[in-house]
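Undergrad: Next up is a structure, given as structure tokens.
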Amino acid sequence: MSTDATLRELVDKQAIYELMAHYADRIDANDPVGAAACFAEDGLGVYWQDCIGPKAIEERLTGILDRFHATSHHLSNVQIRLTSETAAAAQAYVYAFHRIKADMATPMHYWGRWVDELAKVDGQWKFKRREVVGIGSIDRGVDDFDHPGHPGRLSREAPMADFSVKENA
Amino acid sequence: MSTDATLRELVDKQAIYELMAHYADRIDANDPVGAAACFAEDGLGVYWQDCIGPKAIEERLTGILDRFHATSHHLSNVQIRLTSETAAAAQAYVYAFHRIKADMATPMHYWGRWVDELAKVDGQWKFKRREVVGIGSIDRGVDDFDHPGHPGRLSREAPMADFSVKENA
Amino acid sequence: MSTDATLRELVDKQAIYELMAHYADRIDANDPVGAAACFAEDGLGVYWQDCIGPKAIEERLTGILDRFHATSHHLSNVQIRLTSETAAAAQAYVYAFHRIKADMATPMHYWGRWVDELAKVDGQWKFKRREVVGIGSIDRGVDDFDHPGHPGRLSREAPMADFSVKENA
């Protein structure tokens with residue numbers, strides 16, 4: 001790759017990472033408007049139901065956040081695959097701490113992933129589609145099994161999932 | 001931005017990330033001298049009290065670390081805003097595991113953020129100010145509410161906090 | 001450093017980060033073949049015993065993964081030191097959530113580090129040596145102390161560990 005293309009890829013990945021971190025920051029700031037603004041105009045947020053566009057996403061997030069006194073969404077394992085100059089697929093692991101208004105003494109813990117499609121709109125990366133995929137949670141001491149599990153988890157007969165490491169020569 | 005300025009920004013962000021990771025590594029290595037050396041000469045460490053300069057910070061960290069048999073500070077959601085060629089604001093989420101000498105059987109868990117101001121001194125990024133901001137902890141099975149909470153958390157009437165995503169065109 | 005050398009360093013660090021995230025993704029996808037493929041042909045995986053080469057590593061991982069219904073390995077604090085154009089040392093913190101087949105109701109939690117040596121083989125970074133170093137775990141509610149602890153943890157008389165922050169001028 002040319003210097004320019006190489007640098008562009010690093011800058012795009014950094015920008016997408018920053019969008020993810022900013023979204024978590026806005027969620028944990030109890031700011032559904034700011035979190036919803038991370039989506040494209042026609043963006044789809046899958047929060048256990050489909051929400052299309054920042055307004056619908058904001059309303060859904062408001063309802064979810066209203067349950068909590070505090071939240072803290074810790075991201076890691078950010079994987080980004082640029083598919084064109086203005087499109088990308090990504091995922092990040094998330095662990096989330098929740099202080100529940102209804103039971104302040106017993107935090108809820110959540111483990112999962114955010115699985116994303118992104119679009120660059122007017123020079124800025126936005127979520128085109130974002131789905132929360134849980135693999136486990138402990139809600140007030142009770143283990144909750146109602147999670148879809150890792151996307152692409154193999155039975156060992158199944159085909160490979162597609163977050164492959166690109167040739168980095 | 002020019003290629004040079006774009007590259008400089010990536011390098012500065014990488015260096016600040018590495019400083020944060022190095023600080024956690026030194027804390028978890030039970031090395032208060034190494035952790036304190038991450039601060040500028042006039043750096044302020046806010047560890048539930050103000051400590052100015054590496055020597056005072058080292059003494060404070062020594063007292064804190066003496067309580068623990070082992071610690072593990074897991075950083076994520078690193079957000080860095082370069083405000084000049086030699087200054088930056090940053091924050092990182094932290095979850096910390098603590099093995100307490102006084103009660104080895106029951107770890108302490110801690111969730112919060114480090115909120116930082118940084119300065120580039122003689123070509124090297126250092127903490128100018130670093131504050132631990134907790135949002136929750138579980139100390140030997142007992143939930144502890146004595147935390148200031150997320151900086152900038154909104155009541156939904158309050159103004160927006162300022163870690164905005166920069167135009168990334 | 002020249003622009004090219006600076007860019008090369010960022011690209012190599014990004015590629016190594018992506019290898020680490022890809023390995024975790026493959027482990028959590030219940031894909032021991034994909035995880036073992038992250039190692040060089042003569043790579044050494046230290047999983048409480050020495051396994052040399054992708055085939056031996058795959059067999060060992062298969063045995064470990066068979067115990068679990070689901071796992072989630074959350075990486076952070078990635079520190080990478082390039083030692084030549086084709087060699088690097090690295091470490092990452094890890095917290096891992098495990099759903100155990102034998103006791104679905106009580107997850108196992110694990111805190112530790114992966115300590116790595118890497119080699120660039122045919123233009124692609126691979127693990128040359130990877131060791132899991134635990135500092136704590138809670139297995140079905142019971143705290144487990146059988147962990148080696150942080151590599152290089154100081155007694156305060158011991159010499160410094162070597163993940164120093166490089167001059168970033």
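Undergrad: Counting other Cβ atoms within 10 Å of each Cβ, which GluC sites (Glu not before Pro) in the stretch A:69-133 have at most 13 and sit in a DSSP loop? Don't skip to the answer; put the middle values down first.
TA: Numbers: sites: A:85, A:117, A:131; in loops: A:85.
Taking the stretch A:69-133 and a limit of 13 other Cβ atoms within 10 Å, the loop GluC sites (Glu not before Pro) found are A:85.
Undergrad: Average partner chain C-beta neighbours within 10 Å, per residue of A:85-93?
TA: 2
Undergrad: In addition: At most 13 other Cβ atoms within 10 Å and a DSSP loop assignment: could you name the chymotrypsin sites (Phe, Trp or Tyr not before Pro) in the stretch B:27-71 that fit?
TA: B:48
Undergrad: Something else: Give the percent of DSSP beta bridges with both residues in the protein assembly as shown that are antiparallel, rounded to the nearest 5.
TA: Within the protein assembly as shown, antiparallel bridges account for around 90 percent of the total.
Undergrad: Compute a Gaussian network model of chain A, connecting alpha carbons closer than 10 Å, and tell me which residue from A:11, A:121, A:78 fluctuates the most.
TA: Of A:11, A:121, A:78, the most mobile in the Gaussian network model is A:11.
Undergrad: Another one. Name the long-range amide H neighbours of residue A:154: under 5 Å, sequence gap of 5 or more, or other chain; modelled H, no Pro or chain starts.
TA: Amide H neighbours of residue A:154: C:30.
Undergrad: Evaluate peptide C:5-13: per residue, the Cβ atoms of other protein chains within 10 Å of its Cβ; return the mean as an integer.
TA: Details: counts 0, 6, 8, 1, 2, 9, 6, 1, 4.
If you average over the peptide's residues, the count of other-chain Cβ atoms is 4.
Undergrad: Using +1 at the C-beta of Lys and Arg and -1 at the C-beta of Asp and Glu, which of B:7, B:57, B:138 has the Cα lying farthest in the positive direction of the dipole of chain B?
TA: Toward the positive end, the furthest listed residue is B:138.
Undergrad: How crowded by other chains is C:103-111, given as the mean number of beta carbons from other chains within 10 Å of each beta carbon?
TA: Taking the mean over all residues of the peptide, I get 3.
Undergrad: If you line up the long axis of helix A:3-28 against the longest principal axis of chain A, both from Cα atoms, how many degrees apart are they, to the nearest 10?
TA: The angle comes out near 10 degrees.
Undergrad: Once ligands and nucleic acids are excluded and a 1.4 Å probe is used, how much of residue A:128 is accessible, expressed in Å² to the nearest 10?
TA: That residue has around 80 Å² of solvent-accessible surface.
Undergrad: With a ≥ b ≥ c taken as the square roots of the eigenvalues of the C-alpha gyration tensor of the protein assembly as shown, please select rounded if a/c is under 1.5 and otherwise prolate if a/b is larger than b/c or oblate if it is not? Mind showing how you got there, number by number?
TA: Values: a/c = 1.01, a/b = 1.00, b/c = 1.01.
Here the protein assembly as shown falls in the rounded category.
Undergrad: Now, a different point. Taking residue B:126 as the anchor, which lysines have their alpha carbon closer than 17 Å to its alpha carbon, excluding any fewer than eight residues away along the same chain?
TA: Within the straight-line limit of under 17 Å, residue B:126 reaches these lysines: B:13, B:55, C:166.
Undergrad: Against the longest alpha carbon principal axis of chain B, how many degrees, from 0 to 90 and to the nearest 10, is the axis of helix B:53-65 turned?
TA: 40 degrees
Undergrad: Taking the radius of gyration and the Kirkwood hydrodynamic radius from Cα positions alone, what is the Rg/Rh ratio for the stretch C:3-144, to two decimal places?
TA: Values: Rg = 15.6 Å, Rh = 15.7 Å.
My calculation of the ratio gives 1.00.
Undergrad: Counting helices only, and only those DSSP H runs with n ≥ 4, report the 222 nm mean residue ellipticity of chain B as the sum of -39,500 (n - 2.57) divided by its residues, in deg cm²/dmol to the nearest 500. Display every interim value, and only then the final one.
TA: Details: 3 runs with 44 residues, N = 169.
Value at 222 nm, helices only, nearest 500: -8500 deg cm²/dmol.
Undergrad: May I pose another question? Quickly work out the residue B:103-to-residue A:2 label distance, labels modelled 7 Å from Cα along the C-beta direction, and quote it in nm with one decimal.
TA: Each label point is offset 7 Å from its Cα along the Cβ direction, giving 6.3 nm.
The values are calculated or read from the model by the stated rules, or taken from the named source; none is laboratory data. Quantities reported herein were computed from a predicted structural model and do not represent experimental measurements. Counting neighbours? That spans all protein chains shown, and the Cβs are built from the backbone with ideal geometry, glycine included. In case anyone asks, the SASA skips ligands and DNA or RNA and just uses the protein heavy atoms, side chains included. Shrake-Rupley method; radii C 1.70, N 1.55, O 1.52, S 1.80 Å.
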